[in-house]
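I have placed the structure first, in the form of structure tokens, so that the comments after it can refer back to it.
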Amino acid sequence: PTPPGAPFNFAEHLFALHRRRGDRLAYIDDRGPLSYGQLEQRARRLAGALQAAGVRREERVLLLMLDTHDWPVSFLGCLYAGIVPVAVNTLLTADDYAYMLEHSRAQAALVSGALLPQLQAALARTTHRLDTVLVSQPTGALPDGAQAFETALAAAQPAAQPATTTGDEPGFWLYSSGSTGRPKGTVHTQLNLWWTAELYGKGVLGLTERDVCFSAAKLYFAYGLGNALTFPLSVGACVVLMAERPTPDAVFRRWTELQCRPTVFFGAPTGFAGMLASPNLPAREAVALRMCSSAGEALPAEIAERFKARFGCDIIDGIGSTEMLHVFISNRPGDVRYGSTGKPVAGYDIELRGEDGRCVAPGEIGDLYIRGPSAALMYWGNREKTRETFQGGWTKSGDKYLCDADGYYTYAGRSDDMLKVSGIYVSPFEVESTLMQHPAVLEAAVIGTPDAEGLTKTKAFVVRKDGQQVDEATLKAFVKERLAAYKYPRQIEFIAELPKTATGKIQRFRLRERENQ
Ligand code: 3SK
């Protein structure tokens, strides 16, 4: 596809596509519907409200919101004004948000009422100040300086014109976590959104305006952003949004009870496994699914086969990254090989490189590099990590893959120590150092182990200090109190000592071997 020329504003691009049929349903969230016309009007009002509050083009705004209509209104409103939304995970700690506020130097925050306490706790930990805080669906009286989102929208003049942005300038940020150090502010352009919609949303999934899309992955994930905003809005489809956690029952209710039942569902392998194990799994006739997509971790063939047997539709497995914004290797409808991630998405080049930097032969494992038009510009303020990851047009993913003689790619693990648990990165080092803050813990090592379904779960091996007692439940609670709850180890085993090299380095591979015996 030929990209649009300058100026390019992704929000205006979407609004212009649907202006003649503003009554069409864009979103349905837990409170009700929002048409394409209302989406444009509200986003332009939000743009006007931020501008009136003094937020200027290119400045950052923290977007800390649950999946409701106000999320796309906020994201597109910022883009429309050339303001840069920094969309963040809603499950993090106050310490994480304090870092993100300081690092992004956000001038304003758009926050769900239910998440306001975390934002306030973050602000109490930093000297960084926000000029403007707009609260979506407040749950009580607002603190000084905060204003209800609805009040701000009602009082605002809609922005009259889109900012004359170019496709290549910073459009928005997402944070990406690494095995060590703070999360990295991944800077994406306005045009990167357009590319992912063309190459994957239309090119692979073939979404159309007749689809109703529903993503278990939330909008703040790169995966969810494509699934529930970029792709459906690029073709005039309708999107179901859900604020609560994507438990099997919560998903089943949306599959079966809505007037417009989802036709395309986007999930991760752990979620599909949980649904298949649920006693409430709906009957095939109760759902309207025509296709599912999976990413986040490799989809075991058995899960996909059981799902297909039940619902008659394929799960299209693919791999993407925050750095590439969305999926770059994928199966495709009509060409699905379960157990494999499929083939490169047209528009992306893939290389698997050996330790000598050369491409490996078919069937050999190599480090995955991707070249394509949706790569991020950089990690904000982090030259070293930017250079390590974005190498002359190629992006290093940190995954290991092999490609067979037919051109199908199969996941072969990570090249760093990161774990993907339920589709979300967890750094074993962060969990280990938290465990070691407990007064009874001498040492800890965290690895990923496969569960009965073949999906990765974290397991910690802990050495207690001499004469000290602490049990598994206490340590799990200890980690949950200090880190985002999803990072706690699902299993803890107490051992006398950790296997180490002569120089004292922990041999995690020995712990993995021990698990596989
Ligand atoms: O985890 C993935 O495979 C993924 C897919 C799409 C976008 C972002 C990510 C991390």
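The values are calculated or read from the model by the stated rules, or taken from the named source; none is laboratory data. Note that the structure is predicted; figures quoted are calculated from it, not measured. Backbone-built Cβ (ideal geometry, glycine too); neighbour counts: all protein chains shown.
When region 392-446 is filtered for residues that are among the charged types (D, E, K, R), within 13 Å of the ligand (Cβ to nearest atom) and free of Cβ contacts under 8 Å to residues at least 60 places away in the same chain, only R414 remains.
Checked against (1) over 22 Å from G320 (Cα atoms); (2) within 16 Å of the ligand (Cβ to nearest atom), G271 passes all but a single condition, namely (1). Being more than 29 Å from the chain's Cα centre (by Cα) and surrounded by 14 or more Cβ atoms within 10 Å (Cβ to Cβ), is that true of even one residue in region 475-488? No: zero hits. Per this entry, R45 is not counted among residues that are surrounded by 24 or more Cβ atoms within 10 Å (Cβ to Cβ) and among the basic types (K, R).
For (1) of a type in the set (V, I, T); (2) within 15 Å of the ligand (Cβ to nearest atom); (3) modelled with pLDDT under 95; (4) surrounded by fewer than 24 Cβ atoms within 10 Å (Cβ to Cβ), each residue gets a yes or a no:
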residue: Q190; (1), (2), (3), (4): no, no, no, no
residue: L199; (1), (2), (3), (4): no, yes, no, yes
residue: C213; (1), (2), (3), (4): no, yes, no, no
residue: A216; (1), (2), (3), (4): no, yes, no, no
residue: L219; (1), (2), (3), (4): no, yes, no, no
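W380 passes every criterion in (1) out of contact with any Asp or Glu (no Cβ under 8 Å at 6 or more places or on another chain); (2) within 30 Å of P248 (Cα to Cα) apart from (2).
Considering region 302-325, the residues that are touching a Lys or Arg at 6+ places or on another chain (Cβ under 9 Å) and in a helix (DSSP H, G or I) include one that is nearest to the ligand (Cβ to nearest atom), namely F311. Does F272 qualify as being buried (at least 24 other Cβ atoms within 10 Å of the Cβ), in contact with a helix residue (DSSP H, G or I) (Cβ under 7 Å, 6 or more places away or on another chain) and farther than 27 Å from V187 by Cα? So F272 passes the test. Of all residues in region 279-297, those being farther than 22 Å from C260 by Cβ, in contact with a Gly (Cβ under 8 Å, 6 or more places away or on another chain) and more than 8 Å from the ligand (Cβ to nearest atom) number 1. Determine whether region 350-370 contains at least one residue that is within 16 Å of the ligand (Cβ to nearest atom), within 23 Å of A228 (Cβ to Cβ), without any contact (Cβ under 8 Å) to a residue 40 or more places away in the chain and in contact with a strand residue (DSSP E or B) (Cβ under 7 Å, 6 or more places away or on another chain). No, region 350-370 has no match at all. Scanning region 243-268 for residues that are within 18 Å of S422 (Cβ to Cβ), hydrophobic (A, V, I, L, M, F, W, C) and within 16 Å of the ligand (Cβ to nearest atom) yields a total of 3. Being closer than 23 Å to P373 by Cα and either within 17 Å of the chain's Cα centre (by Cα) or aliphatic (A, V, I, L, M) (or both) is the requirement here; does G206 meet it? Criteria not met by G206.
Hey, does region 316-324 have a residue that's touching a residue at least 24 places away in the same chain (Cβ under 8 Å), over 30 Å from L377 (Cβ atoms) and crowded, with 16+ Cβ neighbours inside 10 Å? Within region 316-324, none of the residues are touching a residue at least 24 places away in the same chain (Cβ under 8 Å), over 30 Å from L377 (Cβ atoms) and crowded, with 16+ Cβ neighbours inside 10 Å. Restricting attention to region 102-122 and to residues that are free of Cβ contacts under 8 Å to residues at least 60 places away in the same chain and over 23 Å from A243 (Cβ atoms), the residue that is surrounded by the fewest Cβ atoms within 10 Å (Cβ to Cβ) turns out to be R105. Is it the case that region 46-66 has a residue that's among the polar types (S, T, N, Q) and within 18 Å of Q147 (Cα to Cα)? For region 46-66, residues among the polar types (S, T, N, Q) and within 18 Å of Q147 (Cα to Cα): present. Counting only helices (runs of 4 or more DSSP H) wholly contained in region 4-98, the ones carrying 3 or more residues that are farther than 23 Å from C238 by Cβ occupy 36-52.
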